[in-house]
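Engineer: Supplied in structure tokens, the structure appears directly below.
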């Protein structure tokens, strides 16, 4: 579980602000759900035989003897909230949320035990058009962030009924290669054989490559749905690869599943994943409701931005106010507040804690600010301040206090140019 320090925050803020703006533009509304849920919610939704439930959840008993779990993902909690608050009866919703998730995994680059997701969900939409919109929204997010090294993979898992038939076929195939299966695959064979297709064990790859393809055993309605999605994406110019081995790690998925991957982060190549879960609302006690969603990992996207040279908007102060002397310190904070009022949106840091003029000016330079406003006792007596460009070869000049905002504005425009 990592600290997110000030040097990383511009990337996080850039990702979160860009996503928030795009969600609003597409008509998605923000909701917030608890970090802790009843353990049974995740067992029923994610699946008791998944790695997440078997190995990775942070589960504990509270003082009342109830089993609670730190959420390992957001979808189950959103569905529970929608059911609990009566949001799904003859209604459609486009929702999003964000925050920390928790899984007890082996820490490595791009994978943490506390990680943060931005999660997007739509309830009540049956057709492939919402699947396409979900993917189009994520593609627009990459463009807005300046992300280029991502590729889209698609698959369809069909309905639970068609997948059951395929499951039986898959079990027979893997049983015929039983001696070559690794321990994980043998364990999954009896409960969740589709997860064998997601194995990362190199020794398993030849066996997996020869396994029957789910896409060859889709029911007619799922195939039509998948063809409709592909037609929408083709019409919008979204490049993708159909990956018949893409199964996702959660039991609740049906029909469309998709994943955005990158080659810039090593082994942890998935940066955004999602799919349909049309049966999950019913499974958790609600009325039958079609649904789809995706989630992206903020840590991974921030790492991708750094790796590919994207520069996040700066959050450092643009203006550093030097307050050198007793009179300057006494009058300075009130002046800085007046200047902030006149310069909404300009990031302005006032020096605090005293110190010599020389040491304060060094701090101003190290802060990364473009402009220093210098107020010493001599300037305070004359009710002027010196405005000094720190990143441009321009002269310092004195301004009456009421003209300081205009002087700052002019220098910041020059530095932007």
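The values are calculated or read from the model by the stated rules, or taken from the named source; none is laboratory data. As the structure is a computational prediction, the values presented were derived from the model and not from experiment. We place every Cβ from the backbone using ideal geometry, glycine too, and count neighbours over all the protein chains shown.
Engineer: Could you please find all residues in the range 26-61 being under 22 Å from residue 82 (Cα atoms) and assigned to a helix (DSSP H, G or I)?
Structural biologist: Within the range 26-61, the first condition is being under 22 Å from residue 82 (Cα atoms), and the residues that meet it are 26-47.
Result: 26, 39, 40, 41, 42, 43, 44, 45, 46.
Engineer: A follow-up question, please. Residue check, residue 278 against (1) in contact with a helix residue (DSSP H, G or I) (Cβ under 6 Å, 6 or more places away or on another chain); (2) assigned by TED's automatic domain parsing to the domain that holds residue 125; (3) surrounded by 16 or more Cβ atoms within 10 Å (Cβ to Cβ), all met but one. Which one?
Structural biologist: All conditions are met except number (1).
Engineer: So residue 394 fits all but one of (1) more than 40 Å from the chain's Cα centre (by Cα); (2) part of a helix (DSSP H, G or I); (3) over 28 Å from residue 7 (Cβ atoms); what number is the exception?
Structural biologist: (2)
Engineer: Within the range 69-98, can you find the residues that are within 18 Å of residue 56 (Cβ to Cβ) and either out of contact with any strand residue (DSSP E or B) (no Cβ under 8 Å at 6 or more places or on another chain) or touching a residue at least 40 places away in the same chain (Cβ under 8 Å) (or both)?
Structural biologist: 73, 74, 75, 76, 77
Engineer: Being surrounded by 22 or more Cβ atoms within 10 Å (Cβ to Cβ) and not assigned by TED's automatic domain parsing to the domain that holds residue 120: is that true of residue 323 here?
Structural biologist: For residue 323, the condition - surrounded by 22 or more Cβ atoms within 10 Å (Cβ to Cβ) and not assigned by TED's automatic domain parsing to the domain that holds residue 120 - is met.
Engineer: Go through (1) assigned to a strand (DSSP E or B); (2) within 23 Å of residue 271 (Cα to Cα); (3) touching a helix residue (DSSP H, G or I) at 6+ places or on another chain (Cβ under 6 Å) and name the single condition residue 69 misses.
Structural biologist: So the condition that residue 69 fails would be (2).
Engineer: Same structure, new question: Regarding the range 173-183, can at least one residue be identified that is in the same structural domain as residue 26 (by TED's automatic domain parsing) and either out of contact with any strand residue (DSSP E or B) (no Cβ under 7 Å at 6 or more places or on another chain) or free of Cβ contacts under 8 Å to residues at least 40 places away in the same chain (or both)?
Structural biologist: no
Engineer: While we're looking at this one, here's another question. From 165, 129, grab the single residue that is over 19 Å from residue 290 (Cα atoms) and surrounded by fewer than 17 Cβ atoms within 10 Å (Cβ to Cβ).
Structural biologist: Unique residue meeting the criteria: 165.
Engineer: For residue 124, are the conditions met, namely being on the phi > 0 side of the Ramachandran plot, free of Cβ contacts under 8 Å to residues at least 60 places away in the same chain and surrounded by fewer than 19 Cβ atoms within 10 Å (Cβ to Cβ)? Please lay out each step first, then the result.
Structural biologist: Numbers: on the phi > 0 side of the Ramachandran plot: yes; free of Cβ contacts under 8 Å to residues at least 60 places away in the same chain: no; surrounded by fewer than 19 Cβ atoms within 10 Å (Cβ to Cβ): yes.
No: the conditions fail for residue 124.
Engineer: Check the range 15-23 and report whether any residue there is over 18 Å from residue 310 (Cα atoms), exposed (fewer than 13 other Cβ atoms within 10 Å of the Cβ) and out of contact with any helix residue (DSSP H, G or I) (no Cβ under 7 Å at 6 or more places or on another chain).
Structural biologist: Among the residues of the range 15-23, at least one is over 18 Å from residue 310 (Cα atoms), exposed (fewer than 13 other Cβ atoms within 10 Å of the Cβ) and out of contact with any helix residue (DSSP H, G or I) (no Cβ under 7 Å at 6 or more places or on another chain), which makes the answer yes.
Engineer: Taking the conditions exactly as written (touching a helix residue (DSSP H, G or I) at 6+ places or on another chain (Cβ under 7 Å) and at positive phi), does residue 325 satisfy them or not?
Structural biologist: Taking the combined requirement at face value, the residue satisfies it.
Engineer: What tally of residues in the range 336-389 results from selecting those that are buried (at least 19 other Cβ atoms within 10 Å of the Cβ), touching a residue at least 24 places away in the same chain (Cβ under 8 Å) and not in a strand (DSSP E or B)?
Structural biologist: 9
Engineer: Kindly check whether there is at least one residue in the range 26-45 that is without any contact (Cβ under 8 Å) to a residue 12 or more places away in the chain and in contact with a helix residue (DSSP H, G or I) (Cβ under 7 Å, 6 or more places away or on another chain).
Structural biologist: Yes, there is a match, as at least one residue in the range 26-45 is without any contact (Cβ under 8 Å) to a residue 12 or more places away in the chain and in contact with a helix residue (DSSP H, G or I) (Cβ under 7 Å, 6 or more places away or on another chain).
Engineer: Among (1) more than 33 Å from the chain's Cα centre (by Cα); (2) without any contact (Cβ under 8 Å) to a residue 40 or more places away in the chain, where does residue 193 come up short?
Structural biologist: (1)
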